[in-house]
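The values are calculated or read from the model by the stated rules, or taken from the named source; none is laboratory data. Because the structure is predicted, anything quoted here is derived from the model rather than measured. Here the Cβ positions follow ideal geometry from the backbone for every residue, glycine too, while neighbour counts run over all protein chains shown.
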Amino acid sequence: ASKAAYSSVSLFHEKLLRSNRILAICGAGLSAASGLPTFRGAGGLWRNHNAVELATPEAFEADPGLVWLFYAYRRHMALEANPNPAHYALAELARKKPGFRCLTQNVDNLHVRAQHPSEQLSLLHGSLFALKCSNAPGCKWTDPYNTADPLCPALAPAAEKNTDPTKPLPLLDPSKPLADIKPDELPHCPECETGLVRPGVVWFGEPLDEGMLDEIDEWIEKEPVDMVLVIGTSSFVYPAAGYAERARTEGRTAVVTVNLELGSAQGRNKIEEGDFGFEGDAAVLLPELLK
Ligand code: BJW
């Protein structure tokens, strides 16, 4: 049986009031209310492809055109989406509590667009709107912020609208075959000229930014953390999934899970005395919890 104080909002508010050092770890569920699909479970399929399998260097090597269509579609969707009340509640918490730090696995730029102070935000898995060279780290070329939509003429199908807004986007229509985009139709690195331009995100097996990880470690180790918020993530993917337990100082740190399905959200994290779990849409719960 779990010892978590499930859904006691007033106990949570008491703990929040006494908390200065707060760490949030966010995942795709945070942006679900903005209309952006998650990776696992319902919504984790893009056409007939598993989204997690497309987010790999191997998939890009095998078929860069297909992987670029997936990312071009996600860039388009993220540009059309807006931050939701949960992004704004986190940005507000950052302004109220200088000891709050947010680690997000999301690449959709919605925290930034909700004006989350940048020094209190770490983009663990990069950004859909950053570009780099597929020869990285050998080639250092990057474009840190590029919102061209479509990025190149071959990727135009990802930005194609439907004349009937009640129907799915033409790109997602399973009865229509996907365009077979060849590497020479994709943008090449302007610096080395041999690599393809690729999304500036972190795929499986790739290292996260070392400087950013060192800074997070330093922050965690500096002083005990009072509260860890684990929001809209399945806590499957490392290193993100390890931070809740890393930051825990027994008897002091409350781990607070906010998820549409609490049962799916735990990963390898433990539930201890003083922890909290809130089940529901983060966009509804967070403004209530963080006010
Ligand atoms: C709602 C909601 C609503 C829905 N409200 N909630 C230690 C042990 C074992 C393996 C490893 C380890 N350390 C490293 C590894 C290897 C690997 C890894 O973690 N593998 C695991 C599968 C075990 N990690 C890596 O490779 C990382 N690199 C690394 O560590 O380098 C060094 C190294 C390499 C190799 C070995 C050892 C060391 C890199 C990880 C990069 C992950 N990349 C992706 C793609 C990013 C680009 C893109 O967006 O396309 O990141 S994969 C994908 O998963 C994406 C996400 O950020 C990430 C996490 O997913 P998330 O956000 O949790 O989404 P979902 O869909 O899983 O969950 C959504 C949740 O929301 C659900 O719980 C819903 O219930 C909930 N929800 N609606 C609230 N409205």
Candidate set from the range 227-258 (those that are more than 7 Å from the ligand (Cβ to nearest atom) and assigned to a loop (DSSP other than H, G, I, E, B)); member that is surrounded by the most Cβ atoms within 10 Å (Cβ to Cβ) | THR253
Test: residue in the range 53-63 that is modelled with pLDDT under 95, surrounded by fewer than 19 Cβ atoms within 10 Å (Cβ to Cβ) and within 8 Å of the ligand (Cβ to nearest atom) | no
Selected residue [more than 28 Å from LEU66 (Cβ to Cβ) and either part of a loop (DSSP other than H, G, I, E, B) or not assigned by TED's automatic domain parsing to the domain that holds GLY65 (or both)] from ILE181, ILE216 = ILE216
When both residues are 6+ apart or on different chains and their Cβ atoms are under 7 Å apart, which pairs have a first residue that lies in the range 123-145 and is among the hydroxyl-bearing types (Ser, Thr, Tyr), and a second that is assigned to a loop (DSSP other than H, G, I, E, B)?
-> SER127/VAL107; SER127/ASN109; SER134/GLY195
So PHE70, is it touching a His at 6+ places or on another chain (Cβ under 9 Å) and either in a helix (DSSP H, G or I) or free of Cβ contacts under 8 Å to residues at least 24 places away in the same chain (or both) = yes
Which numbered condition ASN82 misses (of (1) assigned to a loop (DSSP other than H, G, I, E, B); (2) touching a helix residue (DSSP H, G or I) at 6+ places or on another chain (Cβ under 7 Å); (3) of a type outside the set (Asp, Glu); (4) buried (at least 19 other Cβ atoms within 10 Å of the Cβ)) | (4)
Meets criteria (surrounded by fewer than 17 Cβ atoms within 10 Å (Cβ to Cβ), under 23 Å from the mean Cα position of the chain (by Cα) and more than 16 Å from the ligand (Cβ to nearest atom)) for GLU261 = no
Of the residues HIS111, HIS116, HIS76, which is more than 30 Å from LYS176 (Cα to Cα) and in a helix (DSSP H, G or I)?
-> HIS111
Filtered residue count, the range 174-204, keeping only those that are under 14 Å from GLY126 (Cα atoms) and small (Gly, Ala, Ser) = 1
